[in-house]
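J.: Below you will find the structure I want to go over with you.
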Amino acid sequence: MTRTAPPTRRLRLDVLDRVSIGVLAAGLLCWATGALPTADAVASLTRIAPLVLFLGTVTVMVAVVRASLLFDLAATALARLGRGSHAALFACCFALATATTVFLNLDTTVVLLTPVMLALAAATRAPALALAMTTVWLANTASLLLPVSNLTNLLAADRIGADPLDFAARMWAPQLAVLAVTAAFLWLGYWRRRHRELDRYVVPAALPAVPDRRLLWTAAAVCAGFVVAVVAEAPIQLASAAAAAVLLAHCLLRRRDLLTWSLVPWRLPVLTAGLFLLVPALMLHGGSTLVAALAGDGSVLRAAFTGAALSNLVNNLPAYTAVESVIPVGDTDALLGLLIGVNVGPLVLPWASMATLLWFDLVAARRPDGAPGPRVHLGRFAAHGALLAATATAAGAAALLRL
């Protein structure tokens, strides 16, 4: 069997690469100068070690699965379901991304659906950016309903002592309101006629040819095992590490051509470690006072918008913990308002949530045939994300207040 070697790529640092290195350098400087005490630095890095393991191993997993063409097969099935109608395809993708986020979690949505959406665009000439944006926006905005949907939900549910049914009883109305706003923004901003190349997308006549069926079946089994592990509430970092290990072992035995330096996922762990060093230092030196002033009167709206704003500055996980620390115990409404902000709001800057950052990495990766992903204009991404974040946060907070 003849296999084409992946195209060589020169080492080039893009904007997000430079930001990641700069944030880590700033965090290490805070630690080295004593602005962040060693005990706090070690505690912060220990806390995020599972997250770093997940981000690193899941990137490897997706790269190998993408080479197996499993995502291309899934994309073909989805394209046939829509039968050439962009409206039907939008409804299918919207429902799939929402269900995956609600019942698995936002990271799983980004990991499994982003490559499918990009393969779908390549096979059908449907708008690639529309498909990709559907994934990243719904990964964040559809993550309010259940504790499992987002790590921030688990933190909030633990604090208020809510089981999944109690949690859903408080959050169903905000979730529906946010989904309605997201659907409108996606259709108007990316899916309507002016953004399409064709009136009807091309329905693939046949399944793509798969040159390595052993790799395909191995990838399918690994993905199924990963989903089962997530549903069973196994630690997601262990599930992704096991998946990556199985796929790497297969490549070592049968597909060494896939073992290249591009598999090494350095940017996400570097940025994550830097954020979790820099943010605690800022909180020690005036940050906590500022957060208390912004969110401190118990207002649901203030808590929500403070969480959304801080998420885009420093990432939603440290933003949640920072604002949570100034909300009085027992103020459930303000806490749930904060949750709306940190889940729905991280749509403006790439590092606002780890799911968004992971999405940027997946979109930037080349397909197995060497074709690049869609070009994401950072300014436009931020502007559209800011409009959706503000509108959806307000809609979710208003729905919460009506319950």
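J.: Please determine, in degrees from 0 to 90 and to the nearest 10, the orientation of helix 164-186 with respect to the longest principal axis defined by the Cα atoms of the chain, where the helix direction is its Cα long axis.
T.: Its long axis makes an angle of about 60 degrees.
J.: OK, next. Among the trypsin sites (Lys or Arg not before Pro) within region 113-190, which fall in a DSSP loop and have no more than 15 other Cβ atoms within 10 Å of their own Cβ?
T.: Sparse-neighbourhood loop trypsin sites (Lys or Arg not before Pro): 125.
J.: Show the residues, 5+ positions off or on another chain, whose built amide H is closer than 5 Å to the amide H of residue 36.
T.: Distant-sequence amide H within range of residue 36: 31.
J.: Any idea which of 38, 376, 272 is furthest toward the positive side of the dipole for the chain, if Lys and Arg beta-carbons carry +1 and Asp and Glu beta-carbons -1?
T.: 376
J.: I would also like to ask the following. What trypsin sites (Lys or Arg not before Pro) does region 59-108 have in DSSP loop regions with at most 16 other beta carbons within 10 Å?
T.: Those that pass, being in a loop and sparsely packed, are 83.
J.: Long-range amide H contacts for residue 104: which residues qualify at under 5 Å (H placed 1.01 Å from N, peptide plane, sequence gap of 5 or more or a different chain)?
T.: Here nothing satisfies the definition.
J.: Also: Counting only helical runs of four or more DSSP H residues, what would the 222 nm mean residue ellipticity of the chain come to if each run contributes -39,500 (n - 2.57) and the total is spread over all its residues?
T.: One gets -23500 deg cm²/dmol as the mean residue ellipticity at 222 nm.
J.: Just to verify a number: FRET efficiency for residue 364 and residue 26, C-beta to C-beta distance, R0 = 22 Å, to 0.05?
T.: 0.40
J.: What percent do you get for the relative contact order of region 173-258 when only Cα pairs under 8 Å and 6+ apart count?
T.: Relative contact order here is 19 percent.
J.: Still on this structure, please answer the following. Could you give the angle, 0 to 90 degrees to the nearest 10, between helix 106-124's Cα long axis and the longest principal axis of the Cα atoms of the chain?
T.: Tilt of helix 106-124: around 40 degrees.
J.: Another question, if that's okay. Just want to confirm a number: the relative contact order over region 46-402, from Cα pairs under 8 angstrom separated by 6+ residues, in percent.
T.: Answer for region 46-402 is 24 percent.
J.: Okay, moving on. Send over the per residue convex hull volume for region 109-239, Cα only, as a whole number of Å³.
T.: Dividing the Cα hull volume of region 109-239 by its residue count gives 130 Å³.
J.: Would you be so kind as to identify which of 178, 240, 117 lies farthest towards the positive end of the dipole of the chain, taking Lys and Arg as +1 and Asp and Glu as -1 on Cβ and the Cα centre as origin?
T.: The one lying farthest along the dipole's positive direction is 117.
J.: On to the next question. Taking only Cα atoms, what is the 0 to 90° angle, nearest 10, from helix 332-344's long axis to the longest principal axis of the chain?
T.: 30
J.: In percent, what relative contact order does region 267-403 have, based on Cα pairs under 8 Å that are 6 or more apart in sequence?
T.: In percent, rounded to a whole number, it is 25.
J.: May I pose another question? Based on C-alpha coordinates, I'd like the Rg and Dmax of the chain, in Å.
T.: 21.0, 67
J.: Using unit Cβ charges (K, R positive; D, E negative) and no other charged atoms, how large, in debye to the nearest 20, is the dipole of the chain about its Cα centre?
T.: Dipole about the Cα centre, nearest 20: 1680 debye.
J.: Limiting things to C-alpha atoms, what are the Rg and the maximum Cα-Cα separation (Dmax) for region 197-268, in angstroms?
T.: 16.3, 46
Values quoted throughout were computed directly from the atomic coordinates according to the rules given, and no laboratory measurement underlies them. Keep in mind it's a predicted model, so treat the numbers as computed, not measured. Neighbour counts are summed over all protein chains in view; Cβ atoms, including those assigned to glycine, are modelled from backbone coordinates with ideal geometry.
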